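The structure appears right after this line, and notes come after that.
The values are calculated or read from the model by the stated rules, or taken from the named source; none is laboratory data. Nothing here was measured: the structure is a model prediction, and the numbers come from that model. Because the Cβ atoms are built from the backbone with ideal geometry, glycine has one as well, and the counts that use them run over all protein chains shown.
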Amino acid sequence: MRPIRRSQLMQIPDIHSTYDSVLSAALDAAINNKTKPLGSLGMLESIARQIGLIQKTTQPQLLAPAIIVFAGDHGIVAENVSAYPQSVTWQMVENFLAQGAAINVFARQNNCALLIVDAGVNHDFGPRAGLIDRKIGPGTCNFAQQPAMSKAQCELAMQHGADLVSSLEGNVIGFGEMGIGNTTAAAAIMHKLTGIPLAKCVGAGAGVAASGILHKQKVIRDAVGRHAGVAEPLDVLTTFGGFEIAMIAGAMLAAAERRMVVLIDGFIVTSALLVAARLQPSILDYCLFAHCSDEHGHAQMLEYLGAKPLLQLGLRLGEGTGCALALPLAHAAVNFMRDMATFESASVSEKLE
């Protein structure tokens, strides 16, 4: 398998290039000519315009939506950073396979395909219907002591994510995750790539108490000191990330290269986007930010990226649940572009000058 390398990450087209200036004007005209006051559909109008630019058409459509949930374990749990034991990761994967988790309910409700991937869970599932085996290893190493993974493992994980996206037929995709300890990894990535103070990056995760949050901060602070020379985005991902986070980053880059609409979930998924956006800033043009998570630090991430979330529901579950809940809004945006009458077709008078 040919691994992802930096030179392969620079092929994402810029949807705001001068080449698309004619399309941009046509989209504005199409939106403004619908039977409504100018701007009255708010963010739906900007979403419709964005998807039109991504798909290079004034008649955008969303086809065969899918969410991929990547699961992986983290060696950093040895530092007592989580309120739950590591075994919850594989138990939740079993719950996904049994159709019992929130993401199963919401994906099914919205007619969205759901793929479950073992990116590196510390459990032997054996061959299982509905489980995609891309296990890099039985979880990452403890980044408080050593890098979470090797460079080769990071590249392979990113390539696995990219290959999974390339096998899909649709044009809209969301990403979810499961992995006890992954909020600690995501907070470390956030701190290293944004420079935001650690206290603003670290939250309760799956439910640690206030003393536990302070402990997580100390663990990350000490680890950052141990790996003080790490600065480049792929090196940060290798040192502090998880196999599931690396797969998401690779999958995002591949999705944007294919001109797919990319739905961004919560704190963990956005940490993967921080890496991807440092490698290829144009990826942000392809992203719809599903929601602002209640996990401490996510609002800071979104502000750093200049992102406007579609929903603010106090979610902090992960699993891609925000993507599934935001999907109907993306459908509404393309549907009004395709199906809503114009002033001329409906014989409705336009605003007086």
When Glu232 is run through (1) modelled with pLDDT of 95 or more; (2) surrounded by fewer than 17 Cβ atoms within 10 Å (Cβ to Cβ); (3) of a type outside the set (Ser, Thr, Tyr); (4) within 30 Å of Ala48 (Cα to Cα), the failure sits at (4)
For segment 165-193 the number of residues that are polar (S, T, N, Q) and surrounded by 24 or more Cβ atoms within 10 Å (Cβ to Cβ) is 3
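Each row is one residue, and each column tells you yes or no for (1) modelled with pLDDT under 95; (2) aromatic (Phe, Trp, Tyr); (3) touching a helix residue (DSSP H, G or I) at 6+ places or on another chain (Cβ under 9 Å); (4) at positive phi.
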{"residue": "Gly42", "(1), (2), (3), (4)": "no, no, no, yes"}
{"residue": "Gly52", "(1), (2), (3), (4)": "no, no, yes, no"}
{"residue": "Gln61", "(1), (2), (3), (4)": "no, no, yes, no"}
{"residue": "Pro65", "(1), (2), (3), (4)": "no, no, yes, no"}
{"residue": "Ile68", "(1), (2), (3), (4)": "no, no, yes, no"}
{"residue": "Ser82", "(1), (2), (3), (4)": "yes, no, yes, no"}
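Quick one: would you say Asp163 is more than 14 Å from Thr239 (Cβ to Cβ), out of contact with any Gly (no Cβ under 6 Å at 6 or more places or on another chain) and part of a helix (DSSP H, G or I)?
Working: more than 14 Å from Thr239 (Cβ to Cβ): yes; out of contact with any Gly (no Cβ under 6 Å at 6 or more places or on another chain): yes; part of a helix (DSSP H, G or I): yes.
Yes: the conditions hold for Asp163.
Given the structure, is Gly139 surrounded by fewer than 20 Cβ atoms within 10 Å (Cβ to Cβ) and assigned by TED's automatic domain parsing to the domain that holds Ala249?
When the stated conditions are applied, Gly139 does not pass them.
Identify all residues within segment 224-235 that are part of a loop (DSSP other than H, G, I, E, B) and free of Cβ contacts under 8 Å to residues at least 12 places away in the same chain; write none if there are none.
Just the residues of segment 224-235 that are part of a loop (DSSP other than H, G, I, E, B), to begin with: 227-232.
Once the filter is applied, which keeps residues that are part of a loop (DSSP other than H, G, I, E, B) and free of Cβ contacts under 8 Å to residues at least 12 places away in the same chain, segment 224-235 yields Ala228, Gly229, Glu232.
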Inside segment 146-181, the number of residues satisfying the requirement of being under 23 Å from Val77 (Cα atoms) and free of Cβ contacts under 8 Å to residues at least 24 places away in the same chain is 1
In segment 17-56, anything under 28 Å from the mean Cα position of the chain (by Cα), in contact (Cβ under 8 Å) with a residue 12 or more places away in the chain, part of a loop (DSSP other than H, G, I, E, B) and over 18 Å from Pro328 (Cα atoms) is listed as Lys56
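Of the residues in segment 281-301, how many are buried (at least 21 other Cβ atoms within 10 Å of the Cβ) and on the phi < 0 side of the Ramachandran plot?
Step one: list which residues in segment 281-301 are buried (at least 21 other Cβ atoms within 10 Å of the Cβ), which gives 283, 286-293, 295, 297-298, 301.
Applying the additional criterion that residues be on the phi < 0 side of the Ramachandran plot yields 283, 286-293, 295, 298, 301.
Selection size over segment 281-301: 12.
Tell me yes or no: at least one residue of segment 236-246 is among the charged types (D, E, K, R), free of Cβ contacts under 8 Å to residues at least 24 places away in the same chain and assigned to a helix (DSSP H, G or I). Show your work before the answer.
Going residue by residue through segment 236-246, those that are among the charged types (D, E, K, R) are 244.
After this cut, where a residue has to be free of Cβ contacts under 8 Å to residues at least 24 places away in the same chain as well, the list is none.
Within segment 236-246, not a single residue is among the charged types (D, E, K, R), free of Cβ contacts under 8 Å to residues at least 24 places away in the same chain and assigned to a helix (DSSP H, G or I).
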**OP:** Would you mind stating whether Gly250 is crowded, with 24+ Cβ neighbours inside 10 Å, touching a Ser or Thr at 6+ places or on another chain (Cβ under 8 Å) and of a type in the set (Gly, Ala, Ser)?
**Re:** no
Those residues of segment 267-307 which are more than 14 Å from the chain's Cα centre (by Cα) and over 20 Å from Gly176 (Cβ atoms) amount to Arg278, Leu279, Gln280, Pro281, Ser282, Gln300, Glu303, Tyr304, Gly306
Considering residues that are closer than 21 Å to Ala256 by Cβ and in contact with an Asp or Glu (Cβ under 9 Å, 6 or more places away or on another chain), the number found within segment 36-62 is 5
Pairing a residue in segment 328-340 that is outside the structural domain of Ile173 (by TED's automatic domain parsing) with any residue that is surrounded by 15 or more Cβ atoms within 10 Å (Cβ to Cβ) and among the basic types (Lys, Arg), where Cβ atoms lie under 6 Å and the two sit 6 or more apart in sequence or on different chains, gives Met340/Lys34
Those residues of segment 65-113 that are in contact (Cβ under 8 Å) with a residue 40 or more places away in the chain and assigned to a loop (DSSP other than H, G, I, E, B) come to a total of 14
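Among the residues of segment 142-160, count how many are in a helix (DSSP H, G or I) and crowded, with 23+ Cβ neighbours inside 10 Å. Before the answer, list the steps.
First, the residues of segment 142-160 that are in a helix (DSSP H, G or I): 151-160.
Filter once more, so that each one left must be crowded, with 23+ Cβ neighbours inside 10 Å: 154, 157-158, 160.
Residues flagged as in a helix (DSSP H, G or I) and crowded, with 23+ Cβ neighbours inside 10 Å within segment 142-160 amount to 4.
With surrounded by fewer than 24 Cβ atoms within 10 Å (Cβ to Cβ) and not small (Gly, Ala, Ser) as the only criterion, which of Ile220, Ile213 stands out?
Numbers: Ile220 fails: surrounded by fewer than 24 Cβ atoms within 10 Å (Cβ to Cβ).
Ile213 is the lone residue from the list that is surrounded by fewer than 24 Cβ atoms within 10 Å (Cβ to Cβ) and not small (Gly, Ala, Ser).
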